[in-house]
Amino acid sequence: MKVSFREGKTVAEGKYFEKASYDMASDSASVVADGCGGLSSYRVANVSGDFIRTFLSLDIRVNGEPLSPYLPKRVEMIGRTQKVTVDTAMGDISVTTFLSAPVNGVFIRIEAGSPFDFSVNYRGEEANGARRAHFIKGKRFMLSSSVPGDWVKENAAFYATAEGKADILISFAAKRGEHVAAFSSFDEHYAATLREIEEVSIPASAESEEEKALYLSAYFTALENYKKVGAFSAFAAGVKYMDPLRTYFRDSYFTVLPLLRSRPDLVREEILTLARGIGKDGSCPSAVKCDFSAFWGDHYDSPSFFVMELFDYVKTTEDDAILHEKVGGRTLLDIVQSVVDRLIEKSDKKTGLLFKEGKYNKRDWADEVNRNGYVTFVNLLFFRALVGASYLFDGEDDLISTRYALRAGFVKNVINARLFDEDKGYYVNYKTKDFTEDNLSVDTVFAILFGVADEARAESVLDRMERLLECKNNAEQGGGDYGVMCVYPPYKAPRAACHKSARLYDYHNGANWCYLTAMYACAKLLCGRDWRSPILSTFRYYVTRGQYTPVEYFSPCCEWGSALQGWSAALALVYQCADKQKTE
């Protein structure tokens, strides 16, 4: 389909039958609107499986005639809304599908200039029974319509006739009372969904319509991954991480960055939720499940990300009170100390750097690669956590603050002395006692962002990243311009990478990861280089191929990663940073 951008919307134009799959999420559910008025997926937090086995379609007839699949249509996508407008001989017919943050349900509004018939055809959980205005079937599937209709069990379809407008609410695994209340407030929920879009302040640095659409899609990727289920209040990693619902230390860090100023309340809740998953000894799992138990324990990057997230939050909001909030009988400041002290205890006594023990150690973000020994990325985070902890303890306990600051300076010097390769002009990926993986990993860009690299090293690293990692400059990778690779050359040790990452340019072995591309763009911005090209080439690649929300990772030779992926929201941060830099 042809793609353009207007008023912050991503607009796809084509024929009525052509799919335009668009991911949307509320506080408890995620759906995929199909660009034809129907749904192709509906998932609910902590409920196993997808309720739609094949499809839920919406079919419309005007004067008894079905709409031709070859009619021209326009699909407008922004925030939690998708609007499909079909051009017919009788005038335009529009179908707006939207979600409201607090509701487990999909709202659909059909509008036309003349009477029409419509049917909702459902292939999924078994549906039984029928009512008129509030049409309820079974315990899991509920449908309410503003116009009376009939459920035909044999067809698994709802049929109705409308004079010019029809409102529908479909819910799965929802409580009947909540469903009925939401439908009775249809207009209020629609207004709230539109207001949510209107209230987003688009940075001035997002100059073109394309950049405005990029910014809004990334910003809403963060906002829509917020989940509120029972006592759990945090950000999911993406729409594929709903059962069990969980929040990751690393994913959440990048997810919340664009929300620090606009929604600090949600960031605060995220931090407190993560704190509930930290062990008494300061160990941090990969993620915290909705019952606050650990998901894949004791990771090397999670502890640093927790301290970094709290540091960024306090520095941005000046909400020092959070440091004295108690979780499990300990203040957050106590938890920070336990986390950082454990990292120090685990660091190598000779070098002061964190050393990932074990030949097959995958416990950082690149969890299909055995990056053991001194991993540059892990130690850059360690440095930043020490800096953050020093800041948080400043004025609270100056001795501890000074101790962490001194340690940070020591770690910084050792990173530059041991992990920067003078001949190659960049930081190596990782180094063991008898092996060095000296490919260029984009995650070493944090050396620039965190101030570990001096000006000369920063310029050298960016020179190499531009030449090797930006696909447009690296013809050897053979895939054309798909943005920024996460590593190049691919991993050389035969047993280093496994599963998807065993394949060249797949997953952790050379795919483009949106959040890391965003961090790379921030580093280029910081150093006065072209920061727009990396994120625009990334955006154009997935949008022109029918992925209308930021995906987790991609390349020409691998399947798409998860859509509406939380940490890919970091693409929005780049524009916020550009505005901030301009005003300083």
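Throughout, read-outs are computed from the coordinates displayed, never taken from laboratory work. Only a predicted model underlies this, so the values are computations on that prediction, with no experimental measurement involved. Methodologically, a virtual Cβ is constructed for each residue, glycine included, from the backbone with ideal geometry; neighbour enumeration extends over all protein chains shown.
Spin-label pair Lys289-Lys315: with each label point 7 Å from Cα along the Cα-Cβ axis, the two points sit 3.4 nm from one another.
Return a whole-number percent for the relative contact order of the chain, with Cα pairs under 8 Å and 6 or more residues apart as the contact set. Don't jump to the answer; show the numbers that get you there.
Numbers: 1273 pairs, mean separation 68.8, N = 584.
It comes to 12 percent, rounded to a whole number.
Couplings 3J(HN,Hα) of region 478-490, computed from phi: x, x, x, 8, 10, x, 10, 6, 7, 8, 6, x, x Hz, in residue order, whole Hz [Karplus 6.51 cos²θ - 1.76 cosθ + 1.60, θ = phi - 60°; x for Gly and Pro]. The residues packed around Val327, meaning those with a beta-carbon under 10 Å from its beta-carbon, carry a net charge of +1 if Lys and Arg are +1 and Asp and Glu are -1. Apply the a/c threshold of 1.5 to the C-alpha gyration tensor of the chain and tell me whether it is rounded, prolate or oblate. Cα axes put the chain in the prolate bin.
The alpha carbon centroids of region 327-394 and region 25-63 are separated by 41 Å. Distance between the pseudo-spin-label points of Asp348 and Thr161 (7 Å out from Cα toward the beta carbon): 8.0 nm. Counting only alpha carbon atoms, the long axis of helix 332-346 and the longest principal axis of the chain meet at about 50°.
Any chance you could give the angle, 0 to 90 degrees and rounded to 10, that helix 532-543 forms with the longest Cα principal axis of the chain? Taking Cα atoms only, the helix is inclined about 40 degrees.
Once you sort the root eigenvalues of the Cα gyration tensor of region 428-547 as a ≥ b ≥ c, which label holds: rounded (a/c under 1.5), prolate (a/b larger than b/c) or oblate (the other case)?
On the way: a/c = 1.94, a/b = 1.04, b/c = 1.86.
Oblate is the answer for region 428-547, as a/c is 1.5 or above yet b/c matches or exceeds a/b.
Here the 3J(HN,Hα) profile of region 445-460, calculated from phi with Karplus coefficients 6.51, -1.76 and 1.60 at θ = phi - 60°, is 5, 5, 4, 7, 5, 9, x, 6, 7, 6, 4, 5, 5, 4, 5, 5 Hz, Gly and Pro shown as x.
Tally Lys/Arg at +1 and Asp/Glu at -1 over every other residue whose Cβ is under 11 Å from the Cβ of Cys486; what's the total? So the environment of Cys486 carries a net charge of -2. Taking θ as phi - 60° and the Karplus parameters 6.51, -1.76 and 1.60, the scalar couplings of region 99-109 work out to 10, 10, 3, x, 10, 8, x, 10, 8, 9, 10 Hz in sequence order, x denoting glycine and proline.
Could you work out the relative contact order of region 2-196? I mean the mean sequence separation of Cα pairs under 8 Å and 6+ apart, divided by the number of residues, in percent.
Details: 473 pairs, mean separation 34.7, N = 195.
After rounding, I find 18 percent.
Lys73: net charge of surrounding residues, Cβ under 13 Å, Lys/Arg +1, Asp/Glu -1, itself excluded?
Numbers: positive: Lys2, Lys15, Lys19, Arg74, Lys83; negative: Glu13, Glu18, Asp34, Glu76, Asp87, Asp92.
Net charge around Lys73: -1.
Rounded, prolate or oblate: which fits region 135-251, taking a ≥ b ≥ c as square roots of the Cα gyration tensor eigenvalues, rounded meaning a/c under 1.5, else prolate when a/b beats b/c? The shape class here is oblate.
Set the Förster radius R0 to 51 Å, insert the Cβ-Cβ distance between Asp150 and Glu207 as r into 1/(1 + (r/R0)^6), and round the FRET efficiency to 0.05. Kindly include the intermediate steps, with their values, before the conclusion.
Working: r = 52 Å, r/R0 = 1.02.
Efficiency for this residue pair is about 0.45.
For GluC sites (Glu not before Pro), the sites in region 207-274 that DSSP calls loop and that have at most 13 other Cβ atoms within 10 Å are Glu207. Sorting the segments 285-292, 448-455 by their residues' average number of neighbouring beta-carbon atoms within 10 angstrom, most packed first, yields 285-292, 448-455.
Each 10 Å bin, from zero up to the one with the longest distance, holds this percent of the alpha carbon pairs of region 2-196: 9, 38, 39, 13, 1. Put a plus charge on the Cβ of each Lys and Arg, a minus charge on the Cβ of each Asp and Glu, and nothing anywhere else: the dipole of region 193-255 about its Cα centre is then about 500 debye.
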